[in-house]
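In what follows, a structure is listed as structure tokens, so that the remarks can point back to it.
The values are calculated or read from the model by the stated rules, or taken from the named source; none is laboratory data. Note that the coordinates shown come from a computational prediction; the quantities given were computed from them, not determined experimentally. Positions of Cβ are backbone-derived with ideal geometry, glycine not excepted, and every protein chain shown enters the neighbour counts. Remember, those area values only see protein heavy atoms, side chains included, never the ligands or the DNA or RNA. Shrake-Rupley method; radii C 1.70, N 1.55, O 1.52, S 1.80 Å.
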Amino acid sequence: MIGRQTRRRGRWAGRASVVAGLVLAWAAATATATATATPAVSAQAAITLGAATAEIRSGKTTELRGTLVAGGGVPVAGAAVELQVDPYPYRGFFDASHTTTAGDGSFAFGPVRPDRNTRYRVRAGRAESRPVVVYVDASAVLRSYDRGPGRTMLTMVSYHSGYFRWVGVRVYWYVAPAGRGSFHLAAVTRTRELRPGITYATATIDPPAADFVYRVCFNGAREAGTGPPSAHARCPPGDFGLPRP
């Protein structure tokens, strides 16, 4: 996972985010089922499920929506729908919440707040949807502090699920003059845990220029449970260059 930051005229601008993330403290919304009899749903019925936002930052929420139709494509109203979840490392689904379909066969669960990558599916009678995955990216805050000529302290605080314990993980710090695409490995340090779900790292470097950019990378255990698969590159062990746009 990589965070990046830019320094402009002695100041650091903006916030940064860890490209690969983690986090899933799911909070499924509870829905009250109607006390009246619900229609029977056969295995020929079709039930769909999708996420309003399929990739979210740690601590954010999304909504799950779907529809239930009978074999002939007729919406099924008033049917009980069960939400099931399977958080990383995907050891099996369990029941989380229930609701009923509206007159047009639609239903929704939300907001849900997964704290790490999570699979969701729904069931109605004998009908079952295909699983959908909500990816959860870890967020991070990068800061810098001048420590005199030739010395700048960089810090990184990453927020993620307490499921991940990232203590003593090697952290790579890369720097480059602003506008350049060639990054130099300036320091290698290790993480420490401020408390479960908060990982901290720091390094003191000699900046390559008054205005420069830097990147931070570390590969935590089980980081596949945070963010999409494309976000999980191994940290470069030395200098590297970025392709020009």
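Just the Cα atoms of segment 140-186, one point each, no solvent: what log10 I(q)/I(0) does Debye give at q = 0.20, 0.26 Å⁻¹?
-0.91, -1.15
Just read off the accessible area of TYR200 with the full protein assembly in place, 1.4 Å probe, to the nearest 10 Å².
Probe radius 1.4 Å; accessible area of TYR200 about 40 Å².
Taking 30 Å as R0, compute the FRET efficiency from the Cβ-Cβ separation of ARG126 and THR61 and round it to 0.05.
My answer for the efficiency is 0.50.
Could you please report the charge total around THR101, scoring K, R as +1 and D, E as -1 over all other residues with beta-carbon less than 13 angstrom from its beta-carbon?
0
Quick one: which residues, 5 or more positions from THR204 or on another chain, have an amide H under 5 Å from its amide H? H modelled 1.01 Å from N in the peptide plane, none for Pro or chain starts.
The answer is LEU154.
Convert each backbone phi in segment 117-125 into a coupling constant with the Karplus relation 6.51 cos²θ - 1.76 cosθ + 1.60 (shift: θ = phi - 60°), then list the ³J(HN,Hα) values in order as whole Hz, x for Gly and Pro.
Using θ = phi - 60°, the values come out as 3, 9, 9, 10, 8, 10, 10, 9, x Hz.
I'd like the Karplus ³J(HN,Hα) series for segment 97-114: coefficients 6.51, -1.76, 1.60, θ = phi - 60°, whole numbers in Hz, and an x wherever there's a Gly or Pro.
Using θ = phi - 60°, the values come out as 6, 9, 7, 10, 6, 7, x, 8, x, 7, 8, 8, 10, x, x, 10, 10, x Hz.
Note down the magnitude of the dipole of segment 127-180 about its Cα centre, charges +1 on Lys and Arg C-beta and -1 on Asp and Glu C-beta and zero elsewhere, to the nearest 20 debye. Each step should come with its number before you reach the end.
Working: 7 positive and 3 negative charges, 61 e Å.
Charge dipole, segment 127-180, about its Cα centre: 300 debye, nearest 20.
Taking θ as phi - 60°, what are the ³J(HN,Hα) couplings along segment 217-224 by the Karplus curve (6.51, -1.76, 1.60), each to the nearest whole Hz, with x for Gly and Pro?
9, 8, 10, x, 4, 6, 5, 4
If you add up the charges near ARG123, with Lys and Arg at +1 and Asp and Glu at -1, over every other residue whose beta carbon is less than 11 angstrom from its beta carbon, what do you get?
That works out to -1.
Amide H neighbours of VAL41 under 5 Å, counting only residues 5+ apart in sequence or on other chains, H built in-plane at 1.01 Å?
For VAL41, the qualifying residues are ARG126.
Under a point-charge model restricted to the Cβ atoms of Lys and Arg (+1) and Asp and Glu (-1), what is the dipole moment magnitude of segment 98-245 relative to its Cα centre, in debye to the nearest 20?
420 debye
Skip the ligands, DNA and RNA, and give the accessible area per residue of segment 53-148 with a 1.4 Å probe, whole Å². List each step's numbers first, then the result.
Values: 4360 Å² over 96 residues.
Here the per-residue accessible area is 45 Å².
In nm, give the distance between the simple-model label positions of ALA54 and ASP211, each being 7 Å from the Cα along the Cα-to-Cβ direction.
The answer from the label model is 3.8 nm.
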